[in-house]
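Read the structure below first, then the notes.
Each reported figure results from applying straightforward, stated rules to the coordinates on display, with no laboratory input. Just so it is clear, the model here is predicted, and its values are computed rather than measured. Positions of Cβ are generated from backbone atoms using ideal geometry, with glycine treated the same way; all protein chains shown enter the neighbour counts.
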Amino acid sequence: MANWQRYEELRPDRLAGIVNESPVLFWPLGLLEHHGWHLPVGYDGIKASRTCIRVAERTGGVLLPTMWWGGGGGHGEFNWTVYEPEEATAQILVRTTERLIEFGFRVLVLLAGHYPWQSTLAKHLPAIQEANPGVLLLWGTEMTICGDAIKLKGDHAALEETSFGLALFPELIDMQAMQSGRDVTAWPGGKIPSEQHPAVCFDPDDPLFAQMGEDSRNATAERGEEGISRVVDHLSDTIEAFLAGKNDDR
């Protein structure tokens with residue numbers, strides 16, 4: 001396994017050394033959001049972080065702390081969800097990315113676990129890439145970051161995301177928590193929102209509460225591993241090929 005480090009744990013000299021040795025930076029983009037009774041509220045960021053670590057184990061580099069503040073989606077009124085304005089998260093995204101390039105990182109992987117991050121990334125990162133042609137920016141969700149090379153399905157806390165979670169962090173998942181018998185106290189103030197996303201389950205008595213997609217009770221770690229491993233392989237190969245090309249140029 002390659003040597004990778006956590007950004008916040010490194011002294012300046014070590015960061016400089018890593019930039020010289022393996023100038024790869026991973027930035028997981030997540031959210032704090034209700035993901036059904038069985039998944040952690042930080043699911044999106046944990047999914048992105050664990051996937052980034054698996055790539056970093058192949059390529060080396062540095063893992064930036066997970067970005068927990070995002071927004072967008074159909075779960076803004078659910079307990080434990082925190083959505084932020086897009087303009088706020090976009091400013092952090094752009095400023096941090098530009099700064100990391102200034103520090104000397106030549107490959108930046110911005111992997112978003114929350115699917116609405118895709119539109120924010122698409123608005124702002126192409127211009128940064130164009131301004132820095134010597135840098136490789138890889139960005140998107142697990143469904144998009146590999147372009148047309150890999151096509152995965154997504155959902156919210158349902159079959160696909162639960163399978164990814166079982167493959168990446170089974171210790172944080174409780175499949176038995178999907179039980180009926182809950183009431184409206186599951187909502188802030190016990191009040192169910194009048195406006196509801198048509199594809200999301202808003203009934204807290206339903207075992208599939210907050211989910212959107214196929215039944216999560218059919219999820220398996222094997223299903224999740226099949227998709228995640230393909231993403232990890234593709235990203236690792238892409239990064240290694242880019243860095244090899246840069247070394248050849250020198």
Calc'd 3J(HN,Hα), the range 142-155, phi into Karplus 6.51 cos²θ - 1.76 cosθ + 1.60 (θ = phi - 60°), Hz, glycine/Pro = x, comes to 4, 7, 10, 5, 9, x, 7, 5, 9, 10, 10, 8, x, 7
Distant-in-sequence amide H partners of F26 (H built 1.01 Å from N, under 5 Å): V62, L63, L64, V109
Going by amide H atoms built from the backbone, whose H comes under 5 Å of the H on L32, apart from near neighbours? G70, V82
Looking at the chain, send over the antiparallel percent of its DSSP beta bridges, to the nearest 5. 10 percent
Which value in nm describes the separation of the simple spin-label points at E226 and N20, placed 7 Å from the Cα toward the beta carbon? 4.6 nm
If packing is taken as the average number of other Cβ atoms within 10 Å across a peptide's residues, how do 82-95, 138-151 rank, most packed first? 138-151, 82-95
Please sort through the DSSP H helices of the chain and keep those with an alpha-carbon extent of at least 20 Å along the long axis and a Kyte-Doolittle average not below -0.5. 86-103, 117-131
Which order, highest average first, do 199-208, 118-127 follow once you tally other Cβ atoms within 10 Å for each residue and take the mean per peptide? 199-208, 118-127
Karplus-derived HN-Hα couplings along the range 73-85 (A = 6.51, B = -1.76, C = 1.60, θ = phi - 60°), whole Hz, x at Gly and Pro: x, x, 10, x, 8, 6, 3, 6, 8, 10, 9, 10, x
Cα centroids of the range 202-250 and the range 59-120: how far apart, whole angstrom? 17 Å
Loop-resident trypsin sites (Lys or Arg not before Pro) in the range 155-230 with no more than 16 other Cβ atoms inside 10 Å, DSSP not H/G/I/E/B, are R182, K191
Mean-square fluctuation maximum in Gaussian network of the chain, Cα pairs under 10 Å, restricted to A131, A221, A158, hits A131
Amide H proximity to G140 below 5 Å, modelled H, separation 5+ or other chain, gives L110, A112
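Can you tell me how much longer the chain between E84 and T96 gets when fully stretched, taken as 0.36 nm per residue apart minus their C-alpha distance, in nm with one decimal?
2.6 nm
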If each K or R counts +1 and each D or E counts -1, the residues other than S216 whose Cβ falls under 10 Å of its Cβ total -4
Calculated FRET value between A2 and D215, using beta carbons and R₀ = 41 Å, to 0.05: 0.60
Given springs between every Cα pair under 10 Å in a Gaussian network model of the chain, which of V184, V24, V232 has the largest fluctuation? V184
For the chain, what are the per-bin percents of Cα-Cα distances with bins 10 Å wide, up to the bin holding the maximum? 7, 31, 34, 19, 8, 2, 0
